[in-house]
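Contents: one structure, followed by commentary.
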Amino acid sequence: MHEFSIAHNIIEIVEDTARQNNLTHVEEVELDIGELSGIDIPALETALECLIPQSFIEGANFKINRIRGIARCRVCRQKYATDDLLSACPTCDNYGPEIISGKEMRVKSISAE
Ligand SMILES: [Zn+2]
């Protein structure tokens, strides 16, 4: 499953960061996940819940920030919210906008002792 490999990668990033900084107890990890990233957030949460207890960061909470999809029309420069990479501009109907936000998948912050 796609989300399991993403969860695995996220946990690896957090583990590496924790080891490099001598953090023994990771409390909270904040993630930014874009609505246009193709990641199913509930599936990612399930995958994290399954994988965390077997990892170095056992007991850590994950907080997922859902980043809205924002597109900008390449023709009229109108910005609009979208949940589709290939949406049409609401003003001029042009397809294939530039994506300004919503494709994120990153570890935003790690709280630890
Ligand atoms: Zn337009």
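Each DSSP beta bridge with both residues in the stretch 28-100 is either parallel or antiparallel, and the antiparallel ones are about 45%. Each listed q (0.13, 0.16, 0.21 Å⁻¹) maps to a log10 I(q)/I(0) for the chain from the Debye sum over equal C-alpha point scatterers, namely -0.56, -0.73, -1.00.
Placing +1 on the Cβ of every Lys and Arg and -1 on the Cβ of every Asp and Glu, with nothing else charged, gives the chain a dipole about its Cα centre of roughly 700 debye.
Here the calculated FRET efficiency for residue 24 and residue 106, from their Cβ-Cβ distance with R0 = 22 Å, stands at 0.40, rounded to the nearest 0.05.
Only aspartates and glutamates eight or more places from residue 79 in sequence, or on another chain, were considered; those with a Cα closer than 20 Å are 35, 93, 98, 104. Taking the charge dipole of the stretch 39-113 about its Cα centre, with +1 at Lys and Arg Cβ atoms and -1 at Asp and Glu Cβ atoms, the residue from 86, 50, 75 reaching farthest to the positive side is 75.
On the basis of the beta-carbon distance and an R0 of 41 Å, residue 72 and residue 4 show a calculated FRET efficiency of 0.75.
Every number here is computed from the coordinates shown, using simple stated rules; none is lab data. Source: prediction; values computed, not measured. No Cβ is skipped: glycine too gets one built from the backbone with ideal geometry, and neighbour counts run over all protein chains shown.
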